[in-house]
Amino acid sequence: MPQVKFLNEKVTVDVPEGANLRKEARKAGVQLYWGPHKYLNCRGNGMCGSCNVEITKGDDNVNKPGIWERLWTSLHPALFLAKRTEMHNHLRLACQTKVKGDCEVKTQPDVNLHGEKFWG
């Protein structure tokens, strides 16, 4: 059974293979949303971009971003800017992420808009 370690919350949970990261985080009491997004979010439909997480370890143990996730992260202003930073390969929408193996997740990741890649 895969383990997901939520770094900010210091919580590790066992999840079934193929489980949705957002649903498992909510079951474990992990807060994915901040501010008004706690109440104003798309409820896991992949349209608001507020459940973004950073996969810090185990990128190959989650599914690849689908067409909807790639499209939405290109259109959403904050996620578009985050993609221009050095963490762009690790930023995912939790509601669109399926867990296939052990991974480490940072919820509510900081975005460094002054990273090397952004201005280069």
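Tabulated results
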item	result
Accessible solvent surface per residue of region 1-75, calculated while the other protein chains remain in place, 1.4 angstrom probe, Å²	60
Filter on Lys38/Lys98; Lys38/Lys64; Lys57/Lys106 - keep pairs with C-alpha separation over 20 Å	Lys38/Lys98; Lys38/Lys64
Region 1-84 - Rg over Rh from alpha carbon coordinates, Kirkwood radius	0.94
Summed residue charge, Cβ within 12 Å of Thr12's Cβ, Lys/Arg positive, Asp/Glu negative	-3
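The values are calculated or read from the model by the stated rules, or taken from the named source; none is laboratory data. Computed from a prediction, not measured in an experiment: that's the story for all the values here. So basically every Cβ, Gly included, is an ideal-geometry build from the backbone, and we count neighbours across all protein chains shown. All accessible areas refer to the heavy atoms of the entire protein, side chains included, with ligands and DNA or RNA removed. Shrake-Rupley method; radii C 1.70, N 1.55, O 1.52, S 1.80 Å.
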